[in-house]
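Remarks on the structure that follows.
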Amino acid sequence: MEPRAKSSVLLIYTGGTIGMKPDPETGVLAPFDFSTIYDEFPYLGKLDVELEVINLTPIDSSNVTPELWCELARLIRDNYDAYDGFVVLHGTDTMSYSASALSFMLVNLAKPVIFTGSQIPIGVLRTDGRENLITAIEIAAAHDAEGPLVPEVSLYFQNRLFRANRTVKQSAEEFAAFRSYNYPALAEVGVNITFHRDYIHRPAHADAELRVAAALDDRVLVIRLFPGLREQVLRAMLSIEGLRAVVLETYGAGNAPTAPEFIRAVREAVARGLLVMNVTQCSGGRVAMELYETGRQLQEAGVICGHDITTEAAVAKLMYVLGQNLPAERTQRLLRHALRGEFTDAGIA
Ligand code: ASP
């Protein structure tokens, strides 16, 4: 039998802390050129992986826009057949947004796309980036007789692999910067890498052609409730010209004030065609609008239940679904069902 060729992984560098190293003269951190990756990190040559690098213009991820998501999605599509997996190096600040967006935009994905980064630059001795980088590459290349082990968009950080659209950045300081509060890790890394196969999505049609949904509609707003939010302010936000959807960050299990003027403002906005998705401000747990009067009134006003979705995934999903310009009924259907395992429900065929 022919020995199987080495797995191949495409590394796409977008910027962020992971790509920094101190200038030897000034000590100031500057972006690192990943095309010299083997000179800088010769140990990568020990991986049983053919690695190639695309360097995008490095940016701090606070400057990420949906245009970068489209560029990433197209790069992955254009290189899809040539590689077994993809690793995206990205700043941590908005990584969960970008990774969530890619999970929706890459339709029929059947190969690993793994986002990672670091809290300390890769050129600094105590970096967490080295392990994140090496393990993300190993997981992107991991396969068995049936194909890749993690054929979905995921995020690897500090010994854990998560479904990308379930993650949030939870610490600006800890090495374990990301958490997935409502969905278990897809893999855990210690001496060995343990894949939790029951939690990993497997594509229904692995041979279906990868398609990129690059039309995103960014006319989306996040409104976080707080005691004292004035009706006038709420109405002003809900009436922004051209606005198409709102992620309403509510309290606890999806609760909001029952004051008639509050509910009226939401009901009128929904009646005008604004899509309002109820997402809880809590890190863990889910929206259950039928539980309390404070949630039930939102439900009656036509607000869409976000279940246990994160705000990051809700924003990305709304942009993706709205970008398709579908009839209202179909849009509602897509928003009310999980498309990529982004919340826990029965799913959609
Ligand atoms: N500000 C940086 C960024 O998100 C932080 C990081 O990479 O960790 O690009």
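The values are calculated or read from the model by the stated rules, or taken from the named source; none is laboratory data. These numbers were taken from a predicted model, which means no experiment stands behind them. Don't worry about glycine lacking a Cβ; one is built from the backbone with ideal geometry, like all the others, and counts go over all protein chains shown. Each accessible area value is taken on the protein alone, full model and side chains, heavy atoms only, with ligands, DNA and RNA left out. Shrake-Rupley method; radii C 1.70, N 1.55, O 1.52, S 1.80 Å.
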Restricting to the range 120-138, name every residue that is touching a Phe, Trp or Tyr at 6+ places or on another chain (Cβ under 7 Å) and in a loop (DSSP other than H, G, I, E, B).
Ile122, Gly123, Asp128
Just one listed residue, out of Glu138, Glu174, is of a type in the set (Asp, Glu), more than 16 Å from the chain's Cα centre (by Cα) and crowded, with 20+ Cβ neighbours inside 10 Å, and it is Glu138
What number goes with the only condition from (1) open to solvent by 60 Å² or more (accessible area, probe 1.4 Å); (2) more than 16 Å from the ligand (Cβ to nearest atom) that Arg126 does not pass?
(2)
Condition set among the charged types (D, E, K, R) and assigned to a helix (DSSP H, G or I), scope the range 300-323, selection least open to solvent (accessible area, probe 1.4 Å): answer is Lys317
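Counting just the residues of the range 59-105 that are within 12 Å of the ligand (Cβ to nearest atom) and among the hydrophobic types (A, V, I, L, M, F, W, C), which one comes out farthest from Gln158 (Cα to Cα)?
Result: Leu68.
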Of all residues in the range 94-109, which are hydrophobic (A, V, I, L, M, F, W, C) and open to solvent by 10 Å² or more (accessible area, probe 1.4 Å)?
Val107, Leu109
Which of (1) within 16 Å of the ligand (Cβ to nearest atom); (2) of a type in the set (S, T, N, Q); (3) touching an Asp or Glu at 6+ places or on another chain (Cβ under 8 Å) does Asn108 not meet, given it meets every other one?
(1)
Does at least one position in the range 187-203 carry a residue that is surrounded by fewer than 19 Cβ atoms within 10 Å (Cβ to Cβ), at pLDDT below 95 and part of a loop (DSSP other than H, G, I, E, B)?
yes
For Asp48, which of the numbered conditions (1) under 22 Å from Leu149 (Cβ atoms); (2) touching a strand residue (DSSP E or B) at 6+ places or on another chain (Cβ under 6 Å) fails to hold?
(2)
Sort out which residues of the range 324-341 are open to solvent by 20 Å² or more (accessible area, probe 1.4 Å), touching a residue at least 24 places away in the same chain (Cβ under 8 Å) and either under 23 Å from His201 (Cβ atoms) or outside any helix (DSSP H, G or I) (or both), and write them in order of number.
Gln324, Asn325, Arg336, Leu339, Arg340, Gly341
Pull up the range 3-35, narrow it to residues that are open to solvent by 10 Å² or more (accessible area, probe 1.4 Å) and among the aliphatic types (A, V, I, L, M), then point me to the one that is nearest to the ligand (Cβ to nearest atom).
Met20
Residues of the range 270-293 satisfying the condition of being open to solvent by 90 Å² or more (accessible area, probe 1.4 Å), more than 22 Å from Arg244 (Cα to Cα) and over 27 Å from the mean Cα position of the chain (by Cα):
Glu290, Leu291, Tyr292
Within the range 221-260, tally of residues that are in a helix (DSSP H, G or I) and surrounded by 13 or more Cβ atoms within 10 Å (Cβ to Cβ):
5
